[in-house]
Amino acid sequence: LQQTTLQENTLSRSIVWFKCNPVLNNTLLLPSYTGPIIPVDWPYIPLIVEYSKSVNSDLEITNGTTLSNILHYLILLEHCHGDIISTTCTPATARLTRIMCAFLIGSDLFLEPDIHSCLSSLLHHFSSLSLDFTFVIPGLPSFHDLYSSLLEQFAAVSYGDQLFSIYIMLPLQQKHSSSFRKAFWFDYSHILRIITLTHTQLSLSVDSFLYPIEQEWDLLEQYLRVLASGTLHTERNPFLFLIAVHHIHSFIFHEEAEQNGESIGIENERTKEVIVKRQTNKDLRKCLLQQVIHVPNKTLQHTILLYSSTCKDGGLDLADTLSDSQILVMATLGQSPPSDLQS
């Protein structure tokens, strides 16, 4: 006992309790506990339990009724007591990841009408909340692992389901890490064909996928690659087609976007850094423009070069000819515009 690290008063109380001497015991109450009695995400525990069953082949497989009841319960909490859930439960991103696990329960339970309707209602709710997929989610090593599982499940059993498509589009907004866009466009490029979303089916702003303009060179090249290969088609994959065309065109012609408002002439060292950055960016823009010019599909080439904006119906608004400013940009990048695109 002399070697114990317990404080003397703690040790004395322990001896009194051990000898069951009520005369010397000041209280029978336990010390105050400041932590939560149950996990803060307790409303989502039933969903996590069902997900655990689905990944453990030794446990009973979840049935549609059970999953449906859980989702109805979560809808009730989120819609009717959203203010309480937001302040007492885990952040919105962590709660959404629990909801996403419903797509991984069973093989295709999410396609059952009642479950599908519940997931749609929850998607509409979470789309209006602020999400941050870099947030450390309790019980999850990283969201990237879960996202990869979702993409694998989508490829295996989704049948191009529109609702599932929207869920996996959530982390692809430009404000989120490019690692999700790279996983989607590179590692799982084989699912691009079956994502047939239009902008009207999204519960998110189209601009959140278009701005800020993509600056990742490997992604820009991949956008052009999937367009040139015919993987994406404007009729079959209108929204993904729009994303790819928009970022390629904007990276080439919108020089002010990639400068990010930087100005030259404040400090010598800073000026040198900006000049180097602009020259590197100019070289990349020139390289991408050359690749567009050499695309065999002239219709695709004209679509990228003449892209003007997004139509109200979600389509691509194309100009009749290249503007004077665009011709000047192409000349600056050392490329002559196609003769059939000049006025």
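The values are calculated or read from the model by the stated rules, or taken from the named source; none is laboratory data. These numbers were taken from a predicted model, which means no experiment stands behind them. Cβ coordinates were reconstructed from backbone atoms using ideal geometry, including for glycine residues, and neighbour counts include every protein chain displayed. Remember, those area values only see protein heavy atoms, side chains included, never the ligands or the DNA or RNA. Shrake-Rupley method; radii C 1.70, N 1.55, O 1.52, S 1.80 Å.
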What FRET efficiency would be calculated for the residue pair His190, Ile48, taking the C-beta separation as r and a Förster radius of 35 Å, to the nearest 0.05?
0.70
Check which residues have an amide H placed less than 5 Å from Gln215's amide H, if you skip close sequence neighbours.
none
So if each residue of separation counts as 0.36 nm, and I subtract the Cα-Cα distance between Ser208 and Ile15, what length gain in nm does that give?
63.1 nm
Given R₀ = 35 Å, FRET efficiency for Asp324-Gln291 by Cβ-Cβ distance, to 0.05?
0.90
Using a 1.4 Å probe, how large is the accessible area of Asp324, given in Å² and rounded to the nearest 10?
120
Segment 50-186 - Debye-derived log10 I(q)/I(0), Cα point model, q = 0.09, 0.13, 0.21 Å⁻¹:
-0.26, -0.55, -1.51
At 1.4 Å probe size, with no ligands or nucleic acids counted, give the accessible surface of Cys20 in Å², nearest ten.
110
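Which chymotrypsin sites (Phe, Trp or Tyr not before Pro) from segment 60-156 combine a DSSP loop assignment with at most 16 other Cβ atoms within 10 Å?
Counting only loop positions with at most 16 other Cβ atoms within 10 Å, the chymotrypsin sites (Phe, Trp or Tyr not before Pro) in segment 60-156 are Phe135.
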Once both label points are put 7 Å beyond Cα along the C-beta direction, the Cys80-Ser127 separation in nm becomes 2.4
